[in-house]
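The values are calculated or read from the model by the stated rules, or taken from the named source; none is laboratory data. This is a predicted model, so every value here is computed, not measured. Cβ: placed from backbone, ideal geometry, glycine included. Neighbour counts: every protein chain shown.
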Amino acid sequence: MRFWCSALEVPWTWTWRAYPGVWAASLAIAVPYLMARRRARAMRIEPLDAADAAAERRQMWLFLAGVVAFWVASDWPLGVLGAGYLASAHMLQFMLYTLVAAPLLVMGVPEPMARRILAKLRLYRLMTRLTKPVTAALVFNGCLVATHSPWTVDNLRANQFGSFVMDVVWLVSGVLVWLPILSPLTEHRLRAYPGKMVYLFLALGVVPAVPAGFLTFASFPLYATYELAPRFYGLDAATDQQTAGLIMKLGGIPIVWGAIIAMMMRWADESRASSPAGPLSRR
């Protein structure tokens with residue numbers, strides 16, 4: 001039994017495989033979070049009103065949805081396919097980690113919990129630096145390029161520990177890139193909507209399109225891991241790699257542009273609400 005998904009040199013089958021390391025990692029994210037929320041409720045002196053209670057439940061479900069997305073991306077079958085059979089599954093894992101699991105986890109953390117964690121780990125000053133928009137974008141895209149280079153993929157995917165490290169780097173860098181937009185700490189977030197939209201467009205829209213182009217238009221397979229892997233229902237390595245490039249290039253468009261459109265609408269609503277009332281409305 002393996003603890004984490006890594007490349008296998010056997011023909012693909014739909015026979016279920018157990019990966020207890022994935023389950024343990026998922027529980028290691030979810031259980032401390034739920035325990036912290038329980039302690040916070042026990043220490044609360046006055047009960048929350050209906051609106052605050054609903055917001056608290058929403059946060060909890062967002063976080064747990066992020067844990068589920070992490071588990072789906074890591075465990076069988078997607079984790080096994082991405083680790084050693086298909087570059088397209090590898091890319092789908094990356095998208096799930098960075099564009100689904102990471103923002104859901106960030107949105108699910110209440111501000112008091114975030115402050116307690118940073119204070120206990122003495123990471124507040126470091127996070128203040130890392131959540132600067134330029135820094136967060138550079139770190140995320142640096143990790144993106146590094147973890148999709150042929151050398152990194154072929155060496156890390158070959159063993160369980162390397163594959164685990166790659167998945168963790170994806171999740172952590174994904175959390176970091178969303179913090180300037182969604183951080184529970186107001187001082188770590190961009191305040192102006194135009195700045196948020198430009199940051200999101202550049203960090204998650206423009207830069208990732210460059211390596212996606214290399215994958216889509218390369219005339220030969222870049223990754224030995226997927227080129228030499230047992231074929232998945234006859235899908236050749238070149239088509240698989242082009243599919244991976246298209247997933248990276250197009251897969252984030254609904255999320256990135258959906259977030260940008262939502263921010264535009266919220267910006268318009270707040271602008272209308274803060275504008276001085278006209279002569280008719282004052283009467």
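Do we have any residue at all in the range 209-224 that's in a helix (DSSP H, G or I), surrounded by 19 or more Cβ atoms within 10 Å (Cβ to Cβ) and of a type in the set (Phe, Trp, Tyr)?
no
Can you tell me which residues in the range 115-147 are over 22 Å from Gly195 (Cα atoms) and among the polar types (S, T, N, Q)?
Selection gives Thr147 alone.
Just to be sure I understand, how many residues within the range 101-128 are small (Gly, Ala, Ser) and under 14 Å from Ala36 (Cβ atoms)?
Total satisfying the criteria: 3.
Taking the range 75-94 as the search range and keeping residues that are in contact with an Asp or Glu (Cβ under 6 Å, 6 or more places away or on another chain) and in a helix (DSSP H, G or I), which one is surrounded by the most Cβ atoms within 10 Å (Cβ to Cβ)?
Among those residues, the one meeting the criterion is Ala87.
Of the residues in the range 225-266, how many are outside any helix (DSSP H, G or I) and among the small types (Gly, Ala, Ser)?
So the count comes out to 4.
Checking Tyr193 against (1) at pLDDT 95 or above; (2) closer than 25 Å to Leu62 by Cβ: exactly one of these is not met. Which one?
(1)
So how many residues does the range 97-156 have that are free of Cβ contacts under 8 Å to residues at least 24 places away in the same chain, part of a helix (DSSP H, G or I), among the hydroxyl-bearing types (Ser, Thr, Tyr) and surrounded by fewer than 15 Cβ atoms within 10 Å (Cβ to Cβ)?
1
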